[in-house]
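The values are calculated or read from the model by the stated rules, or taken from the named source; none is laboratory data. Model, not experiment: these values are computed from the prediction. Please note: Cβ atoms are built from the backbone with ideal geometry, for glycine as well, and neighbour counts cover all protein chains shown.
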């Protein structure tokens, strides 16, 4: 099992692996003439053509309980579009729920690889996991209060999952260590903080003061997650690099 | 009105043309389209993949059919492209997998209920309970790897619960072979069904073999390896239902009829107008192929295609939830096992049976399907919704955020 991330070895991906073959490869490519003129802008043109014909990824579902929605919509709206709020709530719910799985995987890494000076404790990771679950419950309840379906996949939730699909893959890969996983978790926490900020802004704009208070509390907790993850990551990386005396390579 | 296979000529082969833009159309929506649109796209991709597979192998065995096979095969390659490219990019390989299993459940359930031959109907019900279990295993994996709800894809049409447990599905190859139908006496629908389900299962196998290694999680990699192995068993089972004495040309003629039947069934049920237009176009293309092969059959074998084909196509595959049928089969037949070509109760499998030895060897270092779904029960919003609910209402009260 490997604990370090950046050891020297037989990496073959660069041009310097084989100077003789590389020289030939460069010469071979130089002799080939492109069969069509232009640049990468040609790809953008086709992308634009398809974009003009596209219907988007999908919609926010019609609420099953119209009553709740209409009542809320009346309070919420004043000419605004309530489905934007539902869409973004759906995104947060999905993200927080996936966050639970991410920290489950991180705990698995902790148990295998242990921690390092300035790294996380098991209790700290467990605490973040329960925070993610409780945030999921919070958003789910908010969606229910608005009369919408908390089990629906909204367009923003779908796209957030597409954007972050590499994160769980780093966490569940048996070849990665906890420091490498923290890099992925930092991407998640940065996104999550920005997501809560946006949600608060939406709730404020719609006069949902109850939600604003709860969401601000959640943002406070997420800000702490981000700070911790960043700190653990820096300690782990600088520790392996040997540039910080107090840090060290991961030890069990 | 039923389509008269001998009168309707469809579009002639030389007018079956495409452009790249045409082949790469706007995909269906994972969020907004009905789950059965996905089911149909996955099914027809599988059928076209099999059309290509069959024709390549046939061409290796027949000098006189090489050219006609090449001509139709190229069109079918492009048909497969247009169909398969209807899948949207935001549908991950694991999500598409859930769609594959829904095909295997709901399409096989429809086929099992329509199949005129009781032995073949039994074979379809037998396989159905295994694919039903695969849906449950993959659903658990999706929930547990990514924290997402498998019902995003399944849309409540199919139950997500164990079937015949995958761990006991592993059988010796000789217990996967079945008795073939008799080409002289079998109903045309029996022949069409056997080709159709073989095609669908073959593509499922190939899909899992392609995407399995793309997963990072070792249990996911193992689960795909395990279920791909069962799909290979299923291809063995369903492929062996076909009479090996049929000539290549007769099999080809039936394959074209099966493809036509698939598209016509899709057309009968499709709600998405753009996807429907694809089915409509390909019904006409397949009629063109069928007539092309009918002519070959007459000329090269000196036989009347009416000996093999029905005058009109059977009622379409029912693209709908077969929940009650599946539940009934589950309660009555989950303990069936295979012994050679026969289906028997599990008590009739003697200790030391070749399939038990085979299965125990594969499972000796643990069972991925049991690990992936340990203690799993699907609940709306994923099992984390249930955990969150307990947290919210438990004696310790809500966790403070």
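Filtered by the rule that a residue be free of Cβ contacts under 8 Å to residues at least 60 places away in the same chain, more than 17 Å from residue B:148 (Cα to Cα) and under 22 Å from the mean Cα position of the chain (by Cα), segment A:101-120 gives A:107, A:108.
Identification of helices (runs of 4 or more DSSP H) wholly contained in segment A:134-237 with 2 or more residues that are at the interface with chain B (Cβ under 10 Å from one of its Cβ atoms), in contact (Cβ under 8 Å) with a residue 60 or more places away in the chain and surrounded by 22 or more Cβ atoms within 10 Å (Cβ to Cβ) yields A:155-163, A:166-172. If you go through segment B:168-181 one residue at a time, do you hit one that is farther than 24 Å from residue B:349 by Cβ and not in a helix (DSSP H, G or I)? Yes: one or more hits. Per the listing B:22, B:4, the residue uniquely surrounded by fewer than 17 Cβ atoms within 10 Å (Cβ to Cβ) and at pLDDT below 95 is B:4. Exactly one residue out of A:205, A:195, A:166 is farther than 14 Å from residue A:96 by Cβ and touching a helix residue (DSSP H, G or I) at 6+ places or on another chain (Cβ under 8 Å), and it is A:166. Inspect all residues belonging to segment B:144-153 and state whether any of them is crowded, with 20+ Cβ neighbours inside 10 Å and under 21 Å from residue B:366 (Cβ atoms). Scanning segment B:144-153, I find at least one residue that is crowded, with 20+ Cβ neighbours inside 10 Å and under 21 Å from residue B:366 (Cβ atoms), so the answer is yes. Among the residues making up segment A:1-43, a single one is without any contact (Cβ under 8 Å) to a residue 60 or more places away in the chain, assigned to a loop (DSSP other than H, G, I, E, B) and surrounded by 10 or more Cβ atoms within 10 Å (Cβ to Cβ): A:18. Within segment B:203-235, take every residue that is away from chain A (no Cβ under 12 Å) and over 18 Å from the mean Cα position of the chain (by Cα) and give me the one that is nearest to residue B:53 (Cα to Cα). Ranking the qualifying residues of segment B:203-235, first place goes to B:213.
Condition first: crowded, with 21+ Cβ neighbours inside 10 Å and under 16 Å from residue B:99 (Cα atoms). Now tell me which residues in segment B:206-221 satisfy that. Those that are crowded, with 21+ Cβ neighbours inside 10 Å and under 16 Å from residue B:99 (Cα atoms): B:207, B:208.
Set side by side, the residues B:356, B:391, B:384 differ, and just one is within 14 Å of chain A (Cβ to nearest Cβ), farther than 18 Å from residue B:225 by Cβ and free of Cβ contacts under 8 Å to residues at least 12 places away in the same chain, which is B:391.
One line per residue, one yes/no per condition, for (1) closer than 27 Å to residue B:239 by Cα; (2) surrounded by 16 or more Cβ atoms within 10 Å (Cβ to Cβ):
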| site | (1), (2) |
| --- | --- |
| B:309 | yes, yes |
| B:321 | yes, yes |
| B:346 | yes, no |
| B:349 | yes, yes |
| B:359 | yes, yes |
| B:364 | no, no |
| B:380 | no, no |
